[in-house]
1. What are the residue pairs meeting all of these: first residue in region 165-190, first residue without any contact (Cβ under 8 Å) to a residue 24 or more places away in the chain, second residue part of a helix (DSSP H, G or I) and surrounded by 13 or more Cβ atoms within 10 Å (Cβ to Cβ), Cβ atoms under 8 Å, and 6 or more apart or on different chains?
2. It is to be established whether one or more residues within region 80-90 are at pLDDT below 95 and on the phi > 0 side of the Ramachandran plot.
3. Within the bounds of region 144-156, is there any residue that is over 23 Å from residue 71 (Cα atoms) and at pLDDT below 90?
4. Which members of region 65-89 meet the condition of being assigned to a loop (DSSP other than H, G, I, E, B) and in contact with a strand residue (DSSP E or B) (Cβ under 8 Å, 6 or more places away or on another chain)?
5. Need the failing condition index for residue 149 against (1) within 20 Å of residue 116 (Cβ to Cβ); (2) touching a strand residue (DSSP E or B) at 6+ places or on another chain (Cβ under 7 Å); (3) crowded, with 17+ Cβ neighbours inside 10 Å, just the number.
6. Residues to consider are 190, 184, 206; find the one that is modelled with pLDDT of 80 or more, within 21 Å of residue 55 (Cα to Cα) and in the same structural domain as residue 123 (by TED's automatic domain parsing).
7. For residue 30, which of the numbered conditions (1) modelled with pLDDT under 75; (2) touching a helix residue (DSSP H, G or I) at 6+ places or on another chain (Cβ under 7 Å) fails to hold?
């Protein structure tokens, strides 16, 4: 086969792919609200409860605190039970929740690989999927969601949104013209069964994921 014939075949294939993607995008954009409701029916369950159910079903561990005092007690109790002697936390407000005489608080990103747990804020929580939206603008940075044994997220109730679409829309509003260079959705612990169909936790991220929600 001549070179120009190979190029023509390749261009035809690429054209079909482009057309398919455009068609799929148009169908997605034209999807009516009624159709969306048929796929993802609305629920009368409060968003915090929806998130808790979806998140724990995905393997995450959820804690609810009515105030900051209860939040501090629950957070430090979990860290003690897991026998973590050091944690990464670059958010001063969250670091104040930790017992500094019990845990070494690391804030230098270069030291991330040396600590077992990362404590961070998040952008939003998605109730339907139990997902956590992280961005490169957060204190944990780009590496904080994938390098350690445990990821611990502290969030308030008003950060819980119905779905991923809502979280992305609100993130666009929040950052306007300076959108983060990276977004990550975390839904429970990292897991894979690619190798000999054996389930392995922590292959691409944290083995444990905690979400502490408090009522401001």
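The values are calculated or read from the model by the stated rules, or taken from the named source; none is laboratory data. Predicted model only: the values in this text are computed from it and were never measured. So basically every Cβ, Gly included, is an ideal-geometry build from the backbone, and we count neighbours across all protein chains shown.
1. Sorted first by the residue in region 165-190, then by its partner, the pairs are 179/171.
2. Yes, region 80-90 has at least one match.
3. Yes, there is a match, as at least one residue in region 144-156 is over 23 Å from residue 71 (Cα atoms) and at pLDDT below 90.
4. 66, 67, 82, 84, 85, 89
5. (3)
6. 184
7. Single failed check for residue 30: (2).
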